[in-house]
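Q: To start, I am sharing the structure in question, which I have written as structure tokens.
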Amino acid sequence: MTEVRSHSANDFPLALLQEAKGDHAISVCIPARNEEATVGTIVGAIHEHLASNGHSLVDEILVIDDRSEDATAEVAAREGATVVQVADVLPDSGPGRGKGNVLWKSVAASSGDLIVWIDADLTSFTPACVTGLVGPLLTDPDIAMVKGYYERPEIGGTGGGRTTELMARPLLATLFPHLTSVRQPLGGEYAARRDILEQVPFSTGYGVETGLLIDIATLVGLERLAQVDLGVRVHRNRPLDELSVQAMEILHVALRRAKVDWNDEWSHVLLRPDLEPVNALVDERPPLRTVAEYRL
């Protein structure tokens with residue numbers, strides 16, 4: 001079975017990437033909602049090391065603010081990001097809801113032909129996250145998408161990657177076994193070429209990473225995917241009751257792409273004893289190249 005090519009972030013020093021950049025424009029997009037505690041450090045590090053003082057690798061740092069109720073927008077702008085409100089992007093398409101909706105809008109709002117996504121809640125961020133992800137795209141024109149992978153240590157006795165191990169890996173092994181060599185299928189740090197991202201739908205919820213992985217591999221072939229070791233990833237671990245709905249959204253994405261016939265008795269509402277029902281976000285945004293407002 002073909003495996004996704006693996007690299008280390010150390011394989012792509014900044015000087016090599018600046019030489020290889022050529023005419024490419026790189027946008028780093030950071031989806032954020034109530035992340036004032038961490039987003040500024042991430043933006044500041046990218047701006048200082050990759051986008052200023054003669055370091056011209058990153059052309060744009062874009063924070064897509066998803067209706068934050070704290071100082072996320074102010075902190076990000078102060079550190080050098082361009083902040084865009086989610087409702088202001090493709091307004092004719094409606095504001096939408098969910099992480100995948102924000103990622104879809106970030107493609108529309110950004111200008112680069114190479115797009116890098118970084119989660120806003122990272123406490124372990126280093127500029128190598130960005131250089132590692134763009135490295136294969138800049139040095140190999142055949143690569144279409146790069147996924148980050150990493151070690152996820154325990155925090156307070158709770159390890160990361162619970163949804164990956166309990167939902168994503170079993171689903172991929174069952175329905176899409178050709179993708180099982182992807183080490184972190186749900187990781188929020190990845191990069192892709194704009195012309196590829198324009199051709200695929202975006203699930204609006206937390207199933208977006210699973211959907212993009214399956215769809216892009218189907219579109220271009222596994223040989224055009226790569227993954228890069230980014231070291232250690234530390235971020236805010238969510239409680240189990242929040243992970244349940246994420247897992248449901250991933251399940252729906254995988255079933256849809258496996259072309260399973262829908263049973264009318266199945267539901268997208270998460271029902272649990274003693275807890276309020278939660279609507280999983282299972283709608284999908286269409287490929288951007290089909291959206292008239294985007295093509296203007």
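Q: Taking the options Ile214, Ile250, name whichever one is β-branched (Val, Ile, Thr) and touching a Gly at 6+ places or on another chain (Cβ under 6 Å).
A: Going through Ile214, Ile250 in turn, just one is β-branched (Val, Ile, Thr) and touching a Gly at 6+ places or on another chain (Cβ under 6 Å): Ile250.
Q: Give Ala73, Ala20, Ala32 a once-over and let me know the one that is over 15 Å from Val134 (Cα atoms), of a type outside the set (Asp, Glu) and more than 18 Å from the chain's Cα centre (by Cα).
A: Ala73
Q: With Ala226, Ala254 as the choices, which residue is part of a strand (DSSP E or B) and either in contact with a strand residue (DSSP E or B) (Cβ under 7 Å, 6 or more places away or on another chain) or closer than 30 Å to Ser8 by Cα (or both)?
A: Ala226
Q: Checking Gln18 against (1) within 18 Å of Pro136 (Cβ to Cβ); (2) in contact (Cβ under 8 Å) with a residue 40 or more places away in the chain: exactly one of these is not met. Which one?
A: Every condition holds for Gln18 apart from (2).
Q: Could I ask something else about it? Is it the case, given these coordinates, that Pro177 is modelled with pLDDT of 95 or more and within 23 Å of Phe12 (Cα to Cα)?
A: no
Q: Could you give me the residue pairs with C-beta distances under 6 Å whose first residue belongs to the range 228-253 and is surrounded by fewer than 23 Cβ atoms within 10 Å (Cβ to Cβ) and among the basic types (Lys, Arg), whose second residue is part of a loop (DSSP other than H, G, I, E, B) and at pLDDT below 80 wherever it lies, and which are 6+ apart or on separate chains?
A: Every condition considered, no pair remains.
Q: So, one more: Can you pull out every residue in the range 232-251 that is outside any helix (DSSP H, G or I) and either under 22 Å from Leu172 (Cα atoms) or in contact with a helix residue (DSSP H, G or I) (Cβ under 6 Å, 6 or more places away or on another chain) (or both)?
A: Correct list: empty.
Q: Return the only residue of Val116, Val102 being modelled with pLDDT of 95 or more, under 17 Å from the mean Cα position of the chain (by Cα), surrounded by 18 or more Cβ atoms within 10 Å (Cβ to Cβ) and part of a strand (DSSP E or B).
A: Val116
Q: Can you name the residue in the range 17-58 that is of a type in the set (Ser, Thr, Tyr) and under 20 Å from Ser111 (Cβ atoms) and, of all such residues, is surrounded by the most Cβ atoms within 10 Å (Cβ to Cβ)?
A: The qualifying residue surrounded by the most Cβ atoms within 10 Å (Cβ to Cβ) is Ser27.
The values are calculated or read from the model by the stated rules, or taken from the named source; none is laboratory data. No experiment lies behind these values; they were computed from the predicted model shown. FYI the Cβ positions are ideal-geometry reconstructions off the backbone, even for glycines, and counts take in every protein chain you see.
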